[in-house]
1. Looking at Val106, is it assigned by TED's automatic domain parsing to the domain that holds Tyr149 and in contact with a Leu (Cβ under 7 Å, 6 or more places away or on another chain)?
2. If a residue has to be over 17 Å from Asp141 (Cα atoms), aliphatic (A, V, I, L, M) and touching a Gly at 6+ places or on another chain (Cβ under 8 Å) to count, how many in segment 77-124 make the cut?
3. Every residue in segment 53-76 that is of a type in the set (S, T, N, Q) and either free of Cβ contacts under 8 Å to residues at least 12 places away in the same chain or touching a Gly at 6+ places or on another chain (Cβ under 8 Å) (or both), please.
4. Restricting to segment 144-153, give me the number of residues that are outside any helix (DSSP H, G or I) and buried (at least 17 other Cβ atoms within 10 Å of the Cβ).
5. Which fully enclosed helices (runs of 4 or more DSSP H) of segment 36-143 have 1 or more residues being polar (S, T, N, Q) and either touching a Phe, Trp or Tyr at 6+ places or on another chain (Cβ under 8 Å) or under 18 Å from Leu5 (Cβ atoms) (or both)?
6. For the condition under 25 Å from the mean Cα position of the chain (by Cα), modelled with pLDDT of 90 or more and either aliphatic (A, V, I, L, M) or under 30 Å from Ala126 (Cβ atoms) (or both), what is the one hit in Ile30, Ile77, Ile42?
7. Considering each of Leu72, Leu113 in turn, give the residue that is buried (at least 17 other Cβ atoms within 10 Å of the Cβ) and within 23 Å of Pro10 (Cα to Cα).
Amino acid sequence: MALPLLTYSPSSQNQRVKGFEVPGEEQPRIYTTENIPNSGNIDELIWAAYYQVFHEQQMLASNRQPYLESQLKAGQITVRDFIRGLATSDSFRRLNYDSNNNYRFVEICIQRLLGRPVYSDRETLAWSIVLATKGLKGLIDELLNTQEYLDNFNLDIVPYQRRRILPKQTQGSLPFARIARYGEDYRDKLPKSILGNRPPLTLQSFLRSSDRDVVLWILASTVVLIASLYLLPQLGLLPQIGMY
């Protein structure tokens, strides 16, 4: 017997109303398959779907799903089915699920599929239980079947960031697309050299480093150049350089 979804509520009453718009931060363009006049528009919709699910950090040609694209263009699947296919693809799993814990992955899925940040830790816990019991595909199916998704995007609209800026206390007022796809626990496992946090330079570390040969070559070349400028005039190979 599957566990029911743990109950949770919005973190404030403001979450229940439509977000207001600040000049310059208007809602993004809505992409939908309703009344598409030409094939160019369906290509724009497909690009918007990739951008929403993978974001600019993961917009790679290797992540494209040609079979899903052809099905969408032929009208064999809906936009929601296309989003489902992208979110359950091997590329999405590798780039987001494999590099995060369940809590962070749930936050990513809610941001990208429902277009908003998580309400609270309780909501994160609730969907993490779904992920743990039903797996990645089960989580994606449950999110796309929620009344919230259907009310906002239905079957034909590409999800978009409904609330453009995150609360300051959570992510420092950054749009979703500018937030790292991995959490702090994964970041802390990365080699320090990748993060630009190198240990202090000592003679021992310098002698072991790959930069040693380059520096020594530059020093040797400099010594040879100076010696040449001094010795060649003495041998009569270059005119004397003097002060007048």
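The values are calculated or read from the model by the stated rules, or taken from the named source; none is laboratory data. Note that this is a predicted model, so its numbers are computed, not measured. Don't worry about glycine lacking a Cβ; one is built from the backbone with ideal geometry, like all the others, and counts go over all protein chains shown.
1. In short, yes.
2. 0
3. Gln65, Ser70, Gln71, Gln76
4. Total satisfying the criteria: 1.
5. The helices (runs of 4 or more DSSP H) meeting that bar are 39-54, 66-73, 102-109.
6. On the way: Ile30 fails: modelled with pLDDT of 90 or more; Ile77 fails: under 25 Å from the mean Cα position of the chain (by Cα).
Selected residue: Ile42, the only one of Ile30, Ile77, Ile42 that is under 25 Å from the mean Cα position of the chain (by Cα), modelled with pLDDT of 90 or more and either aliphatic (A, V, I, L, M) or under 30 Å from Ala126 (Cβ atoms) (or both).
7. Numbers: Leu72 fails: within 23 Å of Pro10 (Cα to Cα).
Residue meeting the stated conditions: Leu113.
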